[in-house]
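Asker: Starting off with a structure, shown below.
The values are calculated or read from the model by the stated rules, or taken from the named source; none is laboratory data. On a predicted model such as this, the values are computed, not experimentally measured, just so you know. With ideal geometry, Cβ positions are generated from the backbone for all residues, glycine too; neighbour counts draw on all protein chains shown.
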Amino acid sequence: MVNVIVEEERIEAPDNWESPQHILVVLAHPDDPEFFCGGTIARWIGAGHRVSYCLLTCGDKGTEDRDLTPDDLCKIRQNEQRSAAAVLGVDNVVFLDHPDGYLVPDLELRKEITRVIRQEQPDVLVTCDPTNMYIRDSYINHPDHRAAGQATLDAVFPAARDHLNFIELWRDENLDPHNVREVWISLPQEASVSIDITEHFEKKLRALNKHTSQIGDPAQLEERLRSRHTLDSTLDDPRYEEHFRRVVFR
């Protein structure tokens with residue numbers, strides 16, 4: 001009798017790129033990258049990819065401390081974001097410094113993001129889902145998140161691609177058009193890919209803990225995040241994932 005061993009089909013990870021990628025993360029607030037996709041960012045950097053951040057707002061409203069001015073909070077949150085990014089291995093963080101809570105996906109914001117895309121020339125861009133009004137059944141998605149996602153997607157296509165969109169960027173600033181190859185949309189209503197971040201979960205936690213002004217009780221936050229392991233795992237032997245809607249331009 002001959003024993004036939006059939007090798008399990010291997011499913012290739014969606015981020016198994018053949019060469020190092022430049023990945024640009026465009027989100028609304030300091031701390032959004034770490035909360036939304038910090039494990040994935042750590043995974044990508046660990047695999048040899050380069051990740052840059054563009055944060056659209058200053059994060060100058062998120063406090064209950066009535067002695068803090070918006071300017072003071074802005075400086076605190078920018079410093080926290082740089083520290084958190086450094087934990088993950090991100091060394092390029094750009095702030096557009098719009099006021100927290102007032103972000104609008106208008107043409108001016110689209111132009112600013114288009115400028116950054118043309119400057120950075122990323123292969124892959126990460127933003128968030130502008131259609132996601134609710135997070136689970138306990139949270140209304142921040143309007144800045146929705147505005148950031150809308151303005152960023154509109155900047156990717158068609159504004160960054162076509163030289164006649166915001167022609168002054170090409171004509172006066174010498175910024176050539178740029179085609180982003182992939183967009184990964186975090187906090188999606190409908191995910192199309194899931195990334196295993198189990199090996200990078202602890203680094204995500206360390207990065208999040210740099211956002212001291214936003215975390216009332218670090219132990220409580222850690223307990224909550226650790227409880228969000230996959231359904232096929234346990235708290236004693238957890239597996240963690242981050243989910244995205246992936247758009248690959250043809």
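Asker: Out of all the residues in the stretch 184-199, is one or more within 22 Å of LEU96 (Cβ to Cβ), at pLDDT 95 or above and either of a type in the set (Phe, Trp, Tyr) or out of contact with any helix residue (DSSP H, G or I) (no Cβ under 9 Å at 6 or more places or on another chain) (or both)?
Answerer: So far as the stretch 184-199 goes, yes, one or more of its residues are within 22 Å of LEU96 (Cβ to Cβ), at pLDDT 95 or above and either of a type in the set (Phe, Trp, Tyr) or out of contact with any helix residue (DSSP H, G or I) (no Cβ under 9 Å at 6 or more places or on another chain) (or both).
Asker: Is the stretch 194-204 home to any residue that is among the hydroxyl-bearing types (Ser, Thr, Tyr), over 18 Å from VAL26 (Cα atoms) and in a helix (DSSP H, G or I)? It would help to see each step written out before you state the result.
Answerer: Of the residues in the stretch 194-204, the ones among the hydroxyl-bearing types (Ser, Thr, Tyr) are 194, 198.
Now narrow it down to the ones that are over 18 Å from VAL26 (Cα atoms): 194, 198.
Okay, now just the ones that are also in a helix (DSSP H, G or I), so 198.
Checked the stretch 194-204: at least one residue is among the hydroxyl-bearing types (Ser, Thr, Tyr), over 18 Å from VAL26 (Cα atoms) and in a helix (DSSP H, G or I).
Asker: Scan the stretch 74-91 and give yes if some residue there is at pLDDT 95 or above, under 18 Å from GLN121 (Cα atoms) and surrounded by 18 or more Cβ atoms within 10 Å (Cβ to Cβ), otherwise no. I'd like the intermediate steps shown before the answer.
Answerer: Just the residues of the stretch 74-91 that are at pLDDT 95 or above, to begin with: 74-90.
Of the ones still in play, those that are also under 18 Å from GLN121 (Cα atoms) are 90.
Subsequent filtering for residues that are surrounded by 18 or more Cβ atoms within 10 Å (Cβ to Cβ) retains 90.
Yes - at least one qualifying residue is present in the stretch 74-91.
Asker: Might you let me know whether the stretch 48-67 holds any residue that is of a type in the set (A, V, I, L, M, F, W, C) and either more than 18 Å from PRO99 (Cβ to Cβ) or loosely packed, with under 14 Cβ neighbours inside 10 Å (or both)? Spell out how you get there, then give the answer.
Answerer: Step one: filter the stretch 48-67 for residues of a type in the set (A, V, I, L, M, F, W, C), giving 51, 54-56, 58.
Subsequent filtering for residues that are either more than 18 Å from PRO99 (Cβ to Cβ) or loosely packed, with under 14 Cβ neighbours inside 10 Å (or both) retains 51.
Yes, the stretch 48-67 contains a residue that is of a type in the set (A, V, I, L, M, F, W, C) and either more than 18 Å from PRO99 (Cβ to Cβ) or loosely packed, with under 14 Cβ neighbours inside 10 Å (or both).
Asker: Considering only the stretch 86-112, state which residues are assigned to a helix (DSSP H, G or I) and of a type in the set (Val, Ile, Thr).
Answerer: Just the residues of the stretch 86-112 that are assigned to a helix (DSSP H, G or I), to begin with: 86-88, 107-112.
Listed by number, the list holds a single entry, VAL87.
Asker: Can you spot a residue in the stretch 31-46 that is out of contact with any Pro (no Cβ under 6 Å at 6 or more places or on another chain), without any contact (Cβ under 8 Å) to a residue 40 or more places away in the chain, closer than 25 Å to PRO188 by Cβ and buried (at least 24 other Cβ atoms within 10 Å of the Cβ)?
Answerer: Within the stretch 31-46, one or more residues are out of contact with any Pro (no Cβ under 6 Å at 6 or more places or on another chain), without any contact (Cβ under 8 Å) to a residue 40 or more places away in the chain, closer than 25 Å to PRO188 by Cβ and buried (at least 24 other Cβ atoms within 10 Å of the Cβ).
Asker: Continuing with the same structure: Any chance the stretch 1-20 includes a residue that's out of contact with any helix residue (DSSP H, G or I) (no Cβ under 6 Å at 6 or more places or on another chain), under 27 Å from ASP123 (Cα atoms) and among the β-branched types (Val, Ile, Thr)? So that I can check it myself, show each step before the final result.
Answerer: Start the filter on the stretch 1-20 by keeping residues that are out of contact with any helix residue (DSSP H, G or I) (no Cβ under 6 Å at 6 or more places or on another chain), which leaves 1-20.
Restricting the remaining residues to those that are under 27 Å from ASP123 (Cα atoms) gives 10-20.
Pick out the ones that are also among the β-branched types (Val, Ile, Thr) and you get 11.
The answer is yes; a qualifying residue exists.
Asker: Also, I was wondering about something else. Quickly run through the stretch 61-91 and pick out the residues that are in contact (Cβ under 8 Å) with a residue 40 or more places away in the chain, under 23 Å from CYS37 (Cβ atoms) and not aliphatic (A, V, I, L, M).
Answerer: Across the stretch 61-91, the qualifying residues are LYS61, GLY62, ARG77, GLN78, GLU80, GLN81, SER83, GLY89.
Asker: Name the residues in the stretch 196-250 that are charged (D, E, K, R), in contact (Cβ under 8 Å) with a residue 40 or more places away in the chain and out of contact with any Phe, Trp or Tyr (no Cβ under 8 Å at 6 or more places or on another chain), would you? Don't jump to the end; show me each part of the working.
Answerer: Our first condition is that a residue be charged (D, E, K, R); within the stretch 196-250, this holds for 196, 199, 202-204, 206, 210, 217, 222-224, 226, 228, 232, 236-237, 239, 241-242, 245-246, 250.
If we keep only those that are in contact (Cβ under 8 Å) with a residue 40 or more places away in the chain as well, we get 196, 199, 203-204, 206, 210, 239, 241-242, 245-246.
Hits for the stretch 196-250 are GLU199, LYS203, LYS204, ARG206, LYS210, ARG239, GLU241.
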